[in-house]
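These notes are about the structure you will find just below.
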Amino acid sequence: MIKNDTRVIAIANQKGGVGKTTTAINLGTALAACGKRVLIIDLDPQGNASTGLGVPRAQRGKGSYQLVFGEIDVRTDATASSVPGLSLIPSSVDLSGAEIELVNAERREYRLREALRQTPSGFDYVLIDCPPALGLLTLNALVAADSVLVPLQCEFYALEGLSHLLRTVERVRRAFNNNLDVQGVVLTMFDKRNNLSDLVAQDVRSHFGTKVYETVIPRNVRVSEAPSHGKPVLLYDLQCSGSQAYVHLASEVLRRERRLSA
Ligand code: ADP
Ligand code: MG
């Protein structure tokens, strides 16, 4: 753990479109609703977390690029979002060059860790929304994190992708970050009318046991509509099944942490 009062969680999966950004935004919102102070770091050059939280490109000043290169400070430079208690370090276009610029940077794997370690941040949770690749940006997130939370879509190659990711996490743990833990795997965009969804879910649970959250995020059209309104789905439609699932996920995350610290 980087600072004993802040929990840093990397939300990672090398596959795109599995629900990383949706989970960062809505788990973050649900944790903030429980009174936690939450920071989301948008580490994906596509900037979907920033858009989804209602921070348009034109309003993104300094962001995660500057954070990685030590030019800003999370305490003073995080942007407030429309959700009380939830702040954001947005992504900006220059982040797309970071992957290449980092190759020759000094201590290239530790940049984000060092940026977050400078000071007590004042946040209970820092959620890092990773890009869909296992490159240097994701590596920086894994080295900076206390744990990794993996959103997983129940489809044919899911298990293979998950095993690959967990092997990477293990390598990162040995080489760069002894404390890195797997926070959990959350099944996303679950479609109960689809038999394959069910089979894959059973398979994932039998392989990874209690690492898989009981909460399953259903496929729900309200979840996919919310980003175009620049809002978390919890603010867009609190009653829908997707919002309720993220509320459950947050309470499960909090319960597990209590068990870990007990
Ligand atoms: P990633 O960040 O892993 O690329 P996203 O969170 O951006 O994935 O999700 C990919 C797409 O699927 C987005 O358009 C998002 O709105 C949609 N989506 C995510 N979760 C759900 C869900 N539970 N139900 C319906 N659509 C979803
Ligand atoms: Mg994303």
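The values are calculated or read from the model by the stated rules, or taken from the named source; none is laboratory data. What you are looking at is a predicted structure, and each value in this text was computed from that prediction instead of being measured. When we count neighbours, we look across all protein chains shown, and the Cβ atoms used for this are built from the backbone with ideal geometry, even at glycine. Just so you know, the surface numbers come from the protein's heavy atoms only, side chains and all, with ligands and any DNA or RNA stripped out. Shrake-Rupley method; radii C 1.70, N 1.55, O 1.52, S 1.80 Å.
Give the residue that is farthest from residue 188 (Cα to Cα), with candidates limited to residues of the stretch 146-161 that are free of Cβ contacts under 8 Å to residues at least 60 places away in the same chain and in a helix (DSSP H, G or I).
Restricting attention to the stretch 146-161, the residues satisfying the condition of being free of Cβ contacts under 8 Å to residues at least 60 places away in the same chain are 154-160.
With in a helix (DSSP H, G or I) added as a condition, the list becomes 158-160.
Values: 158: 11, 159: 14, 160: 16 Å.
Result: 160.
With the requirement that a residue be among the aliphatic types (A, V, I, L, M) and surrounded by fewer than 18 Cβ atoms within 10 Å (Cβ to Cβ), what does the stretch 248-260 give you? Don't jump to the end; show me each part of the working.
Just the residues of the stretch 248-260 that are among the aliphatic types (A, V, I, L, M), to begin with: 249-250, 253-254, 260.
Of everything in the stretch 248-260, those that are among the aliphatic types (A, V, I, L, M) and surrounded by fewer than 18 Cβ atoms within 10 Å (Cβ to Cβ) turn out to be 254, 260.
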Residue 104 being in contact (Cβ under 8 Å) with a residue 60 or more places away in the chain, open to solvent by 60 Å² or more (accessible area, probe 1.4 Å) and more than 15 Å from the chain's Cα centre (by Cα): no
Every residue from the stretch 28-74 that is surrounded by fewer than 17 Cβ atoms within 10 Å (Cβ to Cβ), within 16 Å of ligand 1 (Cβ to nearest atom) and within 15 Å of residue 144 (Cβ to Cβ): none
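Yes or no, residue by residue, for (1) open to solvent by 30 Å² or more (accessible area, probe 1.4 Å); (2) closer than 30 Å to residue 221 by Cα:
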| position | (1), (2) |
| --- | --- |
| 132 | yes, yes |
| 142 | no, no |
| 179 | yes, no |
| 185 | no, yes |
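So, residue 23, is that one part of a helix (DSSP H, G or I), within 16 Å of ligand 1 (Cβ to nearest atom), closer than 25 Å to residue 172 by Cβ and open to solvent by less than 10 Å² (accessible area, probe 1.4 Å) or not?
On the way: part of a helix (DSSP H, G or I): yes; within 16 Å of ligand 1 (Cβ to nearest atom): yes; closer than 25 Å to residue 172 by Cβ: yes; open to solvent by less than 10 Å² (accessible area, probe 1.4 Å): yes.
Judged against the criteria, residue 23 is a match.
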Residues (open to solvent by 20 Å² or more (accessible area, probe 1.4 Å) and out of contact with any helix residue (DSSP H, G or I) (no Cβ under 6 Å at 6 or more places or on another chain)) located in the stretch 187-202: 189, 192, 193, 194, 195, 196, 198, 199, 202
Wholly within the stretch 32-145, strands (runs of 3 or more DSSP E) carrying at least 2 residues that are more than 16 Å from ligand 2 (Cβ to nearest atom) and more than 25 Å from residue 5 (Cα to Cα): none
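Out of the residues in the stretch 219-245 that are touching a strand residue (DSSP E or B) at 6+ places or on another chain (Cβ under 7 Å) and surrounded by 18 or more Cβ atoms within 10 Å (Cβ to Cβ), which is nearest to residue 158 (Cα to Cα)?
Our first condition is that a residue be touching a strand residue (DSSP E or B) at 6+ places or on another chain (Cβ under 7 Å); within the stretch 219-245, this holds for 219, 241-242, 245.
From what is left, the residues that are surrounded by 18 or more Cβ atoms within 10 Å (Cβ to Cβ) are 219, 242, 245.
Numbers: 219: 16, 242: 21, 245: 21 Å.
Step by step, filter the stretch 219-245, then rank; the result is 219.
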